[in-house]
Amino acid sequence: MAAIGTLHHVGITVKDLEASLAWYSDVLGVEPEWIAEGSGEELGRAVGVPDARLRFAMLRLGNAVVELLCYDNGRDETFTRSNADVGSAHVCIDVPDIRAAYEDLQAKGVQFLAPPLDITDGPLAGCAFAYFRDPDGVTLEIFQHETGAAA
């Protein structure tokens, strides 16, 4: 059996790559490490989208990478999944001070689902989190560890 390595990246399909890159830069302060494109029958088979035509960018958030993909193929234009729906995912970002991050993001126009929630029991007691969405409706989370230090 092959050994499992570490997580390389998490991919998110977006409606408009340039608009999403601008939002991730303006709101989260991250710039793409690179932007590329691909198309054709072979790529289509590899990604499960016939004759895929796409542009994609890699954004580094600390020790993690988020890949933004924008397909120029027929698709649903909105992400309407509930966090409870099977297959829904979210990207969580460690922050050293959740209250400061919450206020900063709100000042940049981010609308949270709710204010930061302090966890009072269980294995995450002392931690806090808050969910918000990117321009395409993908759920993002800010998370503060009990010590306030990002893991």
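Just so it is clear, none of the values below were taken in a lab; they were calculated from the coordinates. Small disclaimer: the values here were computed from a predicted structure and weren't measured. Neighbour counts are summed over all protein chains in view; Cβ atoms, including those assigned to glycine, are modelled from backbone coordinates with ideal geometry.
Couple of notes before you dig in:
- Only Lys, Arg (+1) and Asp, Glu (-1) charged, at Cβ; the stretch 84-151 dipole about Cα centre in debye: 120 debye
- Degrees separating the helix 17-28 axis from the principal Cα axis of the chain, which is the longest one: 20 degrees
- Evaluated with a Cβ-only charge set (Lys, Arg +1; Asp, Glu -1), the stretch 50-108 carries a dipole of roughly 100 debye about its Cα centre, given to the nearest 20.
- Computed from point charges on the beta carbon alone (+1 for Lys and Arg, -1 for Asp and Glu), the dipole magnitude for the chain about its Cα centre is near 140 Debye.
- Averaging Cα coordinates gives a centre for the stretch 48-69 and one for the stretch 109-140; these two points are 24 Å apart.
- The MET58 and ILE119 beta-carbon pair, evaluated with R₀ = 22 Å, returns a calculated FRET efficiency of approximately 0.10.
- 222 nm mean residue ellipticity, helices alone, for the chain (DSSP H n ≥ 4; -39,500 (n - 2.57); rounded to 500): -5500 deg cm²/dmol
- Of the residues ARG133, ARG75, the one with the fewest other Cβ atoms within 10 Å heads the list, and the complete ranking is ARG75, ARG133.
- Contact order, relative form, for the chain: 20 percent (alpha carbon pairs under 8 Å, 6 or more residues apart, mean separation divided by residue count).
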